[in-house]
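In what follows, a structure is listed as structure tokens, so that the remarks can point back to it.
Quick note: the coordinates plus some simple rules give every number you see, no bench work behind them. Every value quoted in this text rests on a predicted model; they were computed, and no experiment measured them. Heads up, the Cβs are rebuilt from the backbone with ideal geometry, glycines too, and the neighbour counts pull from every protein chain shown.
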Amino acid sequence: MKKIIVTGGSGFIGSNLVNYLVKKKYFVINIDKLTYSSNTYHNHTLSKKNYKFFKIDINKKSKLKKIIKQYKPECIFNLAAETHVDRSIDSPFQFIHSNILGVYNLLEAIRENNKNNKKIKLIHISTDEVYGDIISSRSNEKFPYNPSSPYSASKASADHLIKSFIRTYKLPAMISNCCNNYGPYQFPEKLIPKIISNILNNKPLPIYAKGQNSREWIHVEDHCEALYKIFKKGKIGESYNVGSNINLKNINLVKTILKIFKKKKFIIGKKVKIKYVKDRPGHDFRYALNSIKIRKQIGWKSKINLIKGLHMTIDWYLNNKNFINSISKKLYVKRLGLNL
């Protein structure tokens, strides 16, 4: 059975990617240090025959090298990262530690392995936020990086570091820059699961400023398929934007979620009302990706439209209430990102 390593495989996108690859008949090795936003909820669907978990920080280079040498994977998908912008405003060090130093140690582990063993591909999962505010048009892969938060700056730094290893050490790596994801297993500090969770628990729906900020949205299943196709058909050294071309203002997204709940005959509590809250510092107004390159060169495009994807996601949370209930409210209820 062919083997793949997924770092951060207990996070939101990572856990979905693990499930996707297992269904593709790969043996998946999940390396995750299990931070506050990690979950093991998806593990009950996995068998020891095609899945192995290691609780390890990717900064532990010697341990990474040992696992790589033992399993000899075809590819490593790197999703190990701190991702919440608000937390990066309050505590930027954790983002530097995981998103920059962690990537460096992973690169070194792969580079040292590749000197004497089979060349292992690296697919690094980055973000559209590295491009910063895109007030008009859409950012393609040649757009200059202009990060606005410690989070996006740490991801941009990792991208540059990887590109330097590609050029200097001929490391066989590719980078994907994806737009906002949504779907099963997402930690409820992010907008869509927070809104869903608050509706389920009869709580107000907080929106920054007046909700005019625009984001591009993709269902996590579409993203996983894109990552797999980059692995199979992508060109070493290239970056690929992964987007849906679907943008929506935050206020319109929240209203859409409310409408879907009502269509499902869900009884909306009296406390479920939109509540505008103070904006976070350095809040980018709009992200929007140009994904023509991946469509033309790899033949991928998103398949799940936003309305269908939101229906799927809401149904999942309705059918998996234990996922939210298993998470301590202390980890996501308190407002973050105001520490100036």
key: Whole-Hz couplings from phi, Karplus 6.51/-1.76/1.60, listed for the range 55-62; x for Gly and Pro   = 7, 8, 7, 5, 6, 7, 4, 4
inquiry  = Please list 3J(HN,Hα) in residue order for the range 180-190, calculated via the Karplus relation 6.51 cos²θ - 1.76 cosθ + 1.60 where θ = phi - 60°; whole Hz, with x for glycine and proline.
reply    = 4, 9, 8, x, x, 6, 7, 5, x, 8, 7
message = Could you work out how much longer the chain between residue 201 and residue 326 gets when fully extended? Use 0.36 nm per residue separation minus the Cα distance between them, nm to one decimal.
response = 43.6 nm
request  = Could you please rank 283, 219, placing first whichever residue has the fewest other Cβ atoms within 10 Å of its Cβ?
outcome  = 283, 219
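Assuming a viscosity of 1.306 mPa s and a temperature of 10 °C, what translational diffusion coefficient in µm² per second does Stokes-Einstein assign to the range 197-281, Rh being the Kirkwood radius over Cα pairs?
Details: Rh = 15.5 Å.
Estimated diffusion coefficient is 102 µm²/s.
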key: Of every Cα-Cα pair in the chain, the percent that sits beyond 30 Å   = 32 percent
ask   = Given 247, 288, 322, which one lies farthest toward the positive end of the charge dipole of the range 198-340, if we put +1 on the Cβ of every Lys and Arg and -1 on the Cβ of every Asp and Glu?
value = 322
query = Considering only 83, 95, 30, whose Cα is most displaced toward the positive end of the charge dipole of the range 1-121, charges sitting on Cβ of Lys, Arg (+1) and Asp, Glu (-1)?
reply = 30
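What is the calculated FRET efficiency for residue 255 to residue 69, with r their C-beta to C-beta distance and R₀ = 51 Å, to the nearest 0.05? Can you show the working numbers first?
Details: r = 52 Å, r/R0 = 1.02.
Efficiency at R0 = 51 Å is approximately 0.45.
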ask   = Given H placed 1.01 Å from N in the peptide plane, which residues other than close sequence neighbours of residue 139 have an amide H under 5 Å from its amide H?
value = 288, 289, 290
query = Taking R0 as 41 Å, what's the FRET efficiency between residue 209 and residue 62 from their Cβ-Cβ distance, rounded to 0.05?
reply = 0.35
ask   = Under a point spin-label approximation (7 Å from Cα along Cα-to-Cβ), what is the residue 118-residue 248 distance to one decimal in nm?
value = 4.2 nm
ask   = Want the number for residue 23 to residue 277: 0.36 nm per residue separation, take away the alpha-carbon distance, what's left?
value = 87.3 nm
task = In square nanometres and to one decimal, what's the mean projected area of the convex hull around the Cα atoms of the range 69-184?
result = 8.5 nm²
query = Distance in nm between label sites at residue 47 and residue 1, each 7 Å beyond Cα in the beta-carbon direction?
reply = 0.7 nm
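For residue 163 and residue 296, FRET efficiency with R0 = 25 Å and r from the beta-carbon atoms, rounded to 0.05? Walk me through the numbers before you get to the answer.
Numbers: r = 22 Å, r/R0 = 0.87.
After rounding to 0.05, the efficiency reads 0.70.
Please identify the trypsin sites (Lys or Arg not before Pro) of the range 170-231 that satisfy two criteria: DSSP loop assignment and at most 13 other Cβ atoms within 10 Å. Which are they? All intermediate terms of the calculation are to be shown ahead of the outcome.
Numbers: sites: 170, 190, 194, 210, 215, 229; in loops: 170, 190, 210.
Answer in residue order: 170, 210.
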inquiry  = Taking every DSSP beta bridge with both residues inside the chain, roughly what % is antiparallel (nearest 5)?
reply    = 10 percent
